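A short write-up of the structure that comes next.
Just so it is clear, none of the values below were taken in a lab; they were calculated from the coordinates. All values reported here derive from a predicted model rather than from experimental measurement. Glycine gets a Cβ as well: all are built from the backbone with ideal geometry, and neighbour counts include every protein chain shown.
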Amino acid sequence: MEIGVGLLGTRFMGKAHSHAYRSMTTFMGLKVKPRLVAIYGRDPEYTRYVKEAYGYEKYYLDWRELLKDPEVEVVDNSLPNFLHKKPCIEALEMGKSVICEKPLARSLDEALEMLKAAVKAGVTHGVIFNKRWFPAVQLAKKLIEEGALGKILHFRFAYHQDWGADPELSLTWRFKRETAGYGVLGDQGSHVIDMIRFLIGDIDEVIALSSIDVAERKLEDKMEKVDVEDSVAVLMKLRNRAFGVMEASRYSLGRKNYFVFEIYGEEGSLYFNMERLNELWFYKRESEGFTRIFVTEKTHPFYEKFWPAGHTIGWVESFILQLYHFLLAVKKGEEFRPNFYDGAVVNAVMDAVYESIKERKWVKVKKTVV
Ligand SMILES: NC(=O)c1ccc[n+]([C@@H]2O[C@H](COP(=O)([O-])OP(=O)(O)OC[C@H]3O[C@@H](n4cnc5c(N)ncnc54)[C@H](O)[C@@H]3O)[C@@H](O)[C@H]2O)c1
């Protein structure tokens, strides 16, 4: 069955999502087949080029025109954060299914408006938290659910990159609260928060610190103030009483895409590093050191869809897996997770982090209810 996809966004995520749609049936089979109906971009020449290069039938220079296209059944929003709310809500009001990039919104209030519209529309909705779909992360979840770690006591999650350490980098939408909502907390930290929830449980209370490491950046000919953080550290308590720390920075020299977690339970521990994403390290009480599990056997979650054992997959395959499962849910008219509710919960945590930084105290995460 074919599903007509309309993609908003042509650059980093536009490319990753288009690649995923194009190679989806190669790996996942024919249960659901994306039809690349249209792509929206604001730069005419580049949008015309990506229409051809990414393989879309049409292109639009106005996102509302793409939404109105009757052949577009699913709207994929890969635009910057300040362009999540309006296109998503308008698409939902037209009865289209919507998948939106993370973070869902620039604040919990904005996320709740989006969640309300999604619930009212009664269609399938999702948020891209693609890291959930790494086979090693799926295996970690399975081990935790089977009780291999026993009760989880504490954890450390970190996501470090260093592109923000370049002072010559101009002031893009990522460096302003108005356009991004948050700094590194929304950019990298939203993945971390979602992963903590996915693997361990809901976050109840936080206390945090942050810093802006490059105060001004060039915007055209003049220097403009950066008003969102480059680095953040959060101490957190979960509802299930586990506690831990998360860090995120885009000014960690030498770290390119260093997303790591360590989870410690009464019976065992897990360690994962996204720069080696085909591996999960597992320690069981009384074993002699950690065991490196190379998650490329066909018995490992989702791995059978790809290559023979040992051939490894990369970051881009997580988009194939997430978008495939989303389209399958659309086809069946089912709920998909992570959805706008999960996205809004991440916003609730991030808003609590901001309040904690401002007030210099522990802050309870608000309940996500609409
Ligand atoms: N899941 C992930 O791993 C991941 C990674 C990177 C980014 N993201 C998310 O994806 C979204 C897009 O990020 P990106 O890195 O692709 O951004 P980008 O800056 O590379 O591209 C954004 C797209 O939006 C367009 N755009 C920018 N400003 C616009 C405006 N004023 N009006 C209309 N269009 C405009 C750009 O032309 C481009 O097509 C963000 O929400 C981001 O948080 C997710």
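List of remarks:
- Reported to the nearest whole Å, the Cα centre-to-centre distance from the stretch 320-359 to the stretch 1-55 is 22.
- Between GLU304 and GLU275, full extension at 0.36 nm per residue minus the direct alpha carbon distance yields a gain of 8.3 nm.
- A DSSP coil position with no more than 11 other Cβ atoms inside 10 Å describes the following trypsin sites (Lys or Arg not before Pro) in the stretch 327-370: ARG360, LYS361, LYS367.
- Inter-label distance, nm, simple model (7 Å from Cα along the C-beta direction), LEU209/ASP221: 4.1 nm
- Here the chain carries DSSP beta bridges of which approximately 60% are antiparallel, counting only pairs with both residues inside.
- Set of lysines with alpha-carbon distance to LYS151 below 30 Å, sequence-local pairs under 8 removed: LYS102, LYS131, LYS141, LYS142, LYS237, LYS284, LYS298, LYS361, LYS364, LYS366, LYS367
- The chain - mean residue ellipticity at 222 nm from DSSP helices (-39,500 (n - 2.57) per run, n ≥ 4, rounded to 500): -10000 deg cm²/dmol
- Expressed as a fraction of 2.2 N^0.38 Å, the C-alpha radius of gyration for the chain is 0.98.
- Remark on LEU219: its backbone amide H falls under 5 Å from those of LEU171, GLU224, a criterion applied only to residues 5 or more positions apart or on other chains, H modelled at 1.01 Å from N.
- Loop-resident trypsin sites (Lys or Arg not before Pro) (DSSP state other than H, G, I, E or B) in the stretch 265-294 with no more than 14 further Cβ atoms inside 10 Å of their Cβ: ARG285.
- Residue among PRO103, MET28, PHE243 farthest towards the positive dipole end of the chain, charges placed on Cβ: MET28
- Working from the Cα coordinates of the stretch 2-130, the gyration tensor eigenvalues give, after taking √(5λ), semi-axes of 22, 17, 14 Å in decreasing order.
- Cα gyration tensor category, rounded, prolate or oblate, for the stretch 1-76 with a/c compared to 1.5: oblate
- Neighbour-limited loop hits for chymotrypsin sites (Phe, Trp or Tyr not before Pro), the stretch 220-304 (at most 15 other Cβ within 10 Å; DSSP other than H, G, I, E, B): PHE290
- Basic side chains Lys and Arg get +1 at the Cβ, acidic Asp and Glu get -1 at the Cβ, and with that the dipole of the chain about its Cα centre reaches some 540 debye.
- Remark on ILE3: its backbone amide H falls under 5 Å from those of LYS33, ARG35, a criterion applied only to residues 5 or more positions apart or on other chains, H modelled at 1.01 Å from N.
- Backbone phi angles across the stretch 318-332, fed through the Karplus curve with coefficients 6.51, -1.76 and 1.60 (θ = phi - 60°), yield HN-Hα couplings of 5, 6, 4, 5, 5, 5, 4, 5, 5, 5, 4, 5, 4, 4, 7 Hz in residue order; Gly and Pro are listed as x.
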